[in-house]
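S.K.: Sharing a structure below in structure tokens format, with a few things to ask.
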Amino acid sequence: MLDLVTTKDHDESRQGEAFAPFEKDPITYRKHFYIESYGCSMNFSDSEIVASILNGAGFGATRDAEMADLVLLNTCSIREKAEQTVRKRLTEFKKMKRRKPGMLVGVLGCMAERLKSKLLEEERLVDMVVGPDAYRSLPNLIEEAETGQKAVNVLLSRDETYADISPVRLDSNGITAFVSIMRGCNNMCSFCVVPFTRGRERSRDAQSIVRECRDLFDQGYREVTLLGQNVDSYHFVADHDVKPVTFANLLERVAAISPLLRVRFSTSHPKDITDDVLHAIVKHENICRYIHLPVQSGSTRILQLMNRTYTREWYKAKVDRIREVIPDCGISSDIIAGFCTETESDHQDTLDIMLYSRYDMSYMFFYSERPGTLAQRRYEDDIPESVKKRRLQEIVDLQGKLSWMSNREDVGRTFKILIEGDSKKSDSAWRGRNSQNKVVVFPKADGNYARGDYAWVKITGHTQATLIGTAISAPESDNG
Ligand code: SAM
Ligand code: SF4
């Protein structure tokens with residue numbers, strides 16, 4: 001799999017995952033929905049809002065599409081391949097519908113706006129098309145679709161944040177949760193379809209975010225990831241207030257809930273991450289020392305074509321500043337290979353900036369032209385696929401080496417680990433993450449721990465993706 005590398009944020013193993021919340025729910029539901037989610041964590045988080053709205057309308061969830069009255073696909077448009085996967089699934093559901101004529105099929109999320117008429121009228125693949133800002137209208141749309149009409153709402157909103165809806169936690173480990181803090185994006189990166197599919201940027205009410213995080217903590221969750229396309233531009237002004245809440249303010253408010261609650265965030269646009277945010281991280285032990293800082297390309301010429309608004313030198317200075325203020329900070333990136341007009345020398349600049357930034361991990365893609373974007377309108381997608389793939393492979397190989405080296409440097413160090421569950425390879429070992437977002441495994445026999453506990457682990461070995469260690473007793477300085 002070349003065009004997408006598995007990460008926590010865009011986890012390849014979770015693509016198409018179906019969830020069944022309310023499994024222990026004593027209520028017997030008359031109707032059931034089945035939901036498959038694709039794309040980034042934002043989409044997975046949206047599925048939790050959808051589940052909450054549907055549950056309010058009397059639907060239970062099922063993991064078995066065959067027993068569902070309503071089948072939903074929460075879709076992603078970011079790359080062509082993501083769209084192809086969804087279309088294949090829709091064709092399969094169309095066949096299922098022949099056997100179960102009463103079943104409704106709906107497309108949610110980013111593909112909705114772009115493909116509504118194609119999916120509804122031309123190919124007749126679905127009964128409902130619902131955009132990311134229209135989930136509140138789902139119960140009405142379902143009623144419409146039940147009468148045989150095609151139900152559509154793809155209107156984008158300037159203020160919808162679903163602030164008042166408590167998401168139903170889907171596929172939850174009960175320890176870590178995503179909390180959406182803003183929607184949409186005002187940046188116009190020329191390769192990106194998000195501003196068109198998810199609309200203008202809007203920040204969610206700070207109080208409702210803090211309340212949701214506190215509720216999660218009270219339910220036993222020990223880590224929240226504050227989510228948005230560009231979290232550092234979070235800016236909320238309450239009606240009764242003149243002073244805005246900035247992202248740094250919000251981070252501090254969430255961190256103050258409890259020292260036992262870890263706080264992460266994703267994603268940071270390099271242009272917006274300020275010293276305030278860096279200082280907030282340093283000030284609170286429970287704000288994780290980890291910043292996702294997507295570079296996209298190491299060439300200033302390509303960055304300008306991408307409309308990223310920074311140069312190679314500016315980005316490198318930002319990396320320096322992060323390392324100066326937070327010396328133990330983990331840094332990861334997003335990288336695109338083969339953007340329009342990219343030369344071998346531009347590509348070398350990308351490899352070079354990776355070496356300079358010493359990323360612990362990266363999300364790596366080859367450029368995929370998206371309809372309607374600035375790049376599609378202005379530039380020719382002129383790099384042959386074979387060249388894109390070769391360059392991407394070089395980027396992937398280099399990242400492999402950087403991750404290996406970064407992990408090797410951690411051998412002998414001790415980290416505080418939040419235990420998330422069993423190790424994927426063995427149920428006699430725990431799996432958790434350190435503040436820098438690295439996965440750490442250690443034997444259960446090392447002590448009396450449970451999921452959601454913190455353990456101090458001394459690193460004794462590693463692979464490219466995982467640190468391996470042994471639990472030791474907590475240092476006296478540990479206050480959490
Ligand atoms: N808002 C985030 C940011 O600016 O860092 C990124 C959100 S986007 C969902 C995730 C990543 O997908 C981007 O950082 C970019 O690397 C990649 N991406 C977006 N459009 C792409 C395209 N047309 N082709 C290939 N990769 C793309
Ligand atoms: Fe897309 Fe750029 Fe917005 Fe990220 S910041 S969602 S890459 S337009």
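The values are calculated or read from the model by the stated rules, or taken from the named source; none is laboratory data. These numbers were taken from a predicted model, which means no experiment stands behind them. Glycine gets a Cβ as well: all are built from the backbone with ideal geometry, and neighbour counts include every protein chain shown. Ligands, DNA and RNA are excluded from the accessible area calculation, which covers all protein heavy atoms including side chains. Shrake-Rupley method; radii C 1.70, N 1.55, O 1.52, S 1.80 Å.
S.K.: First select every other residue whose beta carbon is under 13 angstrom from the beta carbon of Pro101; then total the charges, Lys and Arg +1, Asp and Glu -1.
M.R.: Numbers: positive: Lys94, Lys95, Lys97, Arg98, Arg99, Lys100; negative: Asp69, Asp127, Glu146.
Charge balance near Pro101 sits at +3.
S.K.: Using a 1.4 Å probe, what is the accessible area per residue for the stretch 278-339, in Å²? Please report the intermediate quantities before stating the final value.
M.R.: Details: 2030 Å² over 62 residues.
Averaged over the residues of the stretch 278-339, the accessible area is 33 Å².
S.K.: Kindly sort Thr350, Thr463 by accessible area of their heavy atoms, largest first, with the probe set to 1.4 Å. Could the numbers behind the result be given before it?
M.R.: On the way: Thr350 0, Thr463 55 Å².
Final ranking, largest accessible area leading: Thr463, Thr350.
S.K.: Sticking with this one: Equivalent-ellipsoid semi-axes (√(5λ), Cα gyration tensor) for the chain, whole Å, largest first?
M.R.: Numbers: eigenvalues 240, 167, 101 Å².
Taking √(5λ) for each eigenvalue gives 35, 29, 22 Å, largest first.
S.K.: In straight Cα distance, which aspartates and glutamates are under 17 Å from Lys424, not counting same-chain residues fewer than 8 positions off?
M.R.: Those aspartates and glutamates meeting the cut-off are Asp11, Glu12, Asp171.
S.K.: Moving to a separate point now. Which ³J(HN,Hα) values in Hz, rounded to whole numbers, follow from the phi angles of the stretch 454-459 under the Karplus curve 6.51 cos²θ - 1.76 cosθ + 1.60, where θ = phi - 60° and Gly and Pro get x?
M.R.: 9, 10, 8, 10, 8, 7
S.K.: With a 1.4 Å probe and every protein chain left in place, tell me how much accessible area His279 has, in Å² to the nearest 10.
M.R.: 90 Å²
S.K.: A further question on this structure: Cross-link candidates for Lys389: which lysines have Cα within less than 16 Å, leaving aside residues fewer than 8 places away along the same chain?
M.R.: Lys81
S.K.: Taking Cα pairs under 8 Å and at least six residues apart, what relative contact order does the chain come out at, in percent? Mind showing how you got there, number by number?
M.R.: Numbers: 966 pairs, mean separation 50.2, N = 480.
Averaging sequence separation for qualifying contacts and normalising by length gives 10 percent for the chain.
S.K.: What Cys residues in the chain have no fellow cysteine's beta-carbon under 4.7 angstrom?
M.R.: Cys40, Cys76, Cys110, Cys185, Cys213, Cys288, Cys329, Cys340
S.K.: Leaving out ligands, DNA and RNA, and with a 1.4 Å probe, what % of the accessible surface on the chain is carbon or sulfur? List each step's numbers first, then the result.
M.R.: Working: 10010 of 20180 Å².
It is 50 percent, rounded to a whole number.
S.K.: Kindly point out which whole DSSP H helices in the chain project their C-alpha atoms 15 angstrom or further along the helix axis while averaging a Kyte-Doolittle hydropathy of -0.5 or above. Can you show the working numbers first?
M.R.: Numbers: long enough: 41-56 (23 Å, 0.37); 80-99 (30 Å, -1.92); 206-218 (18 Å, -0.32); 312-325 (20 Å, -1.38); 344-357 (20 Å, -0.74); 385-410 (37 Å, -1.18).
Qualifying helices, which must be both long enough and hydrophobic enough, are 41-56, 206-218.
S.K.: Could I ask something else about it? How long is the gain from Asp453 to Gln304 if the chain were fully straight, where each residue apart is worth 0.36 nm and the alpha carbon distance is subtracted?
M.R.: Working: separation 149, 0.36 × 149 = 53.64 nm, distance 4.58 nm.
Extra length from Asp453 to Gln304 when fully extended: 49.1 nm.
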